[in-house]
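I have placed the structure first, in the form of structure tokens, so that the comments after it can refer back to it.
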């Protein structure tokens, strides 16, 4: 069942499903399987494997619940072959819960209380619809100390009937589908006079089936903040008619003459209406709202994950001495200078902004630092006082070769106050740590951003409103993917970076650092086996993703896995090369017969392709192909913008309705989804642009009062 489902959902062959399940069950990580088991899986990529792993866990949980439910219903003596078959065929947890609902232990409900009073037989008589006398007369037989009147007995029986209707899995499935496909989400303002960012939802209606994910999240937030009320409206009259048709029996012997039992029909109709309005409708509305929220969160997390992937893959600014500038007003601007390896050379505190306005002193201090350390670039955080700092920086660098850039500092304050930052810079203030982080973000975004909770990096939408566990797992997976795709230097990587390497957890990462501090730099990958609690399985999983600069064994500075070293040496020997030829122009590998060599060396064709690729450009950083950051010399403000102006900018964030582009005026402009390309329908902005892309945009509209800029990529 599980294998068939995975085959269908992910469009895989049965052999692929079997192989991947075995690899996962054997304790292999997704990055390891994706890179070093391509020949086993048919070259399944990281994204597919993560979906596979997620669905495998869900389906196994589903099968486990099926077994427990079957066992529980069997213990109650109510399991038959038909019910068991339906349970085994259930494809979702919702469907499974519907089938189990009638047999679940319930809290005290009106129906359970009525049953305790002995009114279930009366409910059964009414449902049979075969009596020819007043129900009230029959109900009088059920009067007891707990049931005072016949009316009270009938009411209890109706409560039991209402619960029977509510627990019917077929009814729930039909009503759920009807509500989803015909329903409307309607929102009303609690206070129409009070203007908020949610004005659009003060009197709003949209099809449940068609409402886009970002509007669901916006409605949820507005509702949680007490600004609006939201509900799902549907064709309730039609649903009640549907329930009546299935609950009422035609007692006429003549098909053309439709008659119902005049004694029981009104009572059943009342119970059906009560069942729908009191039990079914609120529950179905909650289910659909939850479903819409889950789907919206999944979409939002998917966008967040893709944005994060692009952000982490941004090109490092190598070979530069950078001054990190953490702007502020009252507390002053904190500065930190780092060299081209990220080492902190100096720190300073200046007060060029209000209220102290020590501009001249600040300019002199920074110019002295530029001269002393030969600073190439100033990285200014985009927080409070960023605009004022930029104007001063423009004065400082005038007539020099120094350039500046505005760096997104989201999460820098989180890092600067963290235990990690305290361990890394115990003698620095939080402001100084933040300045270091800003500089390092420009120098090597990946190495610095891994120190921060991905949710705090600021490339998502409504991230604080969604399932935090699911969000965290997804974003952690993205960071893990990127870290392993780029690889890490064993002798310079931080605990934070090592923590994301395949097979290595936080404890092992710390043990690697401890070993490095006690024994000096690693000379080979194999030396990892000397690290405490790093066994052969962990070594297998991590070795290919960890590089050693100037290693004892040349292949240790490549992505070739140690398990393939012997094959690599055989390949080089066969082609009359040595390890000294790796990466040189003398190594000619373009025209070799891969199929023939694969068979001769008894190695998978995909693994061989990766070895050849790495031999051509050993240790190549995939981020080299990404756009370089835009460095500036002059200040541009929102007041300088004119409609029709063409400007180059950097995509900073992508949401469902468009892309936000940094054009250097401290306020990102929005390129609405309709303005991304001409003459083409765009399903999602991510189909056109990615975070970090350098794009040309045209100014469509500028609202200086609200600091809003509308842009277009249609030029």
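Only the coordinates and a few stated rules stand behind these numbers; no lab work does. In this text the structure is predicted, and so the values were computed from the model without any measurement. Methodologically, a virtual Cβ is constructed for each residue, glycine included, from the backbone with ideal geometry; neighbour enumeration extends over all protein chains shown.
The table that follows gives values for the structure above.
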{"item": "Highest to lowest packing among 637-646, 219-228, scored as the average C-beta count within 10 Å", "result": "219-228, 637-646"}
{"item": "Ordering of 583-591, 303-311 by burial proxy (mean other Cβ atoms within 10 Å per residue, highest first)", "result": "303-311, 583-591"}
{"item": "At R0 = 22 Å, FRET efficiency that the Cβ-Cβ distance of residue 295 and residue 55 yields, to 0.05", "result": "0.90"}
{"item": "For the chain, share of DSSP beta bridges that run antiparallel, in % to the nearest 5", "result": "75 percent"}
{"item": "Percent RCO, i.e. relative contact order, over the range 463-564, from Cα pairs under 8 Å lying at least 6 residues apart", "result": "25 percent"}
{"item": "Residue order, fewest to most beta carbons within 10 Å, for 708, 652", "result": "708, 652"}
{"item": "Label-point separation, residue 209 to residue 26 (7 Å along Cα→Cβ), nm", "result": "4.7 nm"}
{"item": "Chain lengthening between residue 236 and residue 68 when straightened (0.36 nm per residue, less Cα-Cα)", "result": "57.0 nm"}
{"item": "Mean separation of Cα contacts under 8 Å, 6 or more apart, over the residue count of the chain: relative contact order %", "result": "10 percent"}
{"item": "Cα-derived Rg over Rh, computed across the chain with Rh taken as Kirkwood radius", "result": "1.08"}
{"item": "Relative exposure of 246, 214, judged by other C-beta atoms within 10 Å (fewest first)", "result": "246, 214"}
{"item": "Relative exposure of 71, 320, 277, judged by other C-beta atoms within 10 Å (fewest first)", "result": "71, 277, 320"}
{"item": "Listed peptides 383-390, 695-702, 442-449 by packing density, highest first (mean Cβ within 10 Å)", "result": "442-449, 383-390, 695-702"}
{"item": "Between the range 442-511 and the range 158-186, the Cα center-to-center distance that results, in Å", "result": "44 Å"}
{"item": "Distance from the range 206-248 to the range 82-104 (C-alpha centre basis), Å", "result": "25 Å"}
{"item": "Rounded FRET efficiency, nearest 0.05, which uses the C-beta distance separating residue 523 from residue 613 and R0 of 30 Å", "result": "0.70"}
{"item": "Relative contact order, percent, the range 99-223 [alpha-carbon distance under 8 Å, six or more residues apart]", "result": "22 percent"}
{"item": "Simple spin-label estimate for residue 194 and residue 124 in nanometres, 7 Å along Cα-Cβ", "result": "5.5 nm"}
{"item": "Label-to-label distance, nm, for residues given as residue 80 and residue 575 (7 Å Cα→Cβ offset)", "result": "7.1 nm"}
{"item": "Extension gain, residue 116 back to residue 470 (0.36 nm per residue minus Cα-Cα distance, nm)", "result": "123.2 nm"}
{"item": "Segment residue 357-residue 249, length gained on full extension (0.36 nm per residue, minus Cα span)", "result": "30.2 nm"}
{"item": "R0 of 56 Å, Cβ-Cβ distance residue 605-residue 340: FRET efficiency to nearest 0.05", "result": "0.90"}
{"item": "The range 2-103: translational diffusion in µm²/s, Stokes-Einstein, Kirkwood Rh over Cα pairs, 37 °C, 0.692 mPa s", "result": "217 µm²/s"}
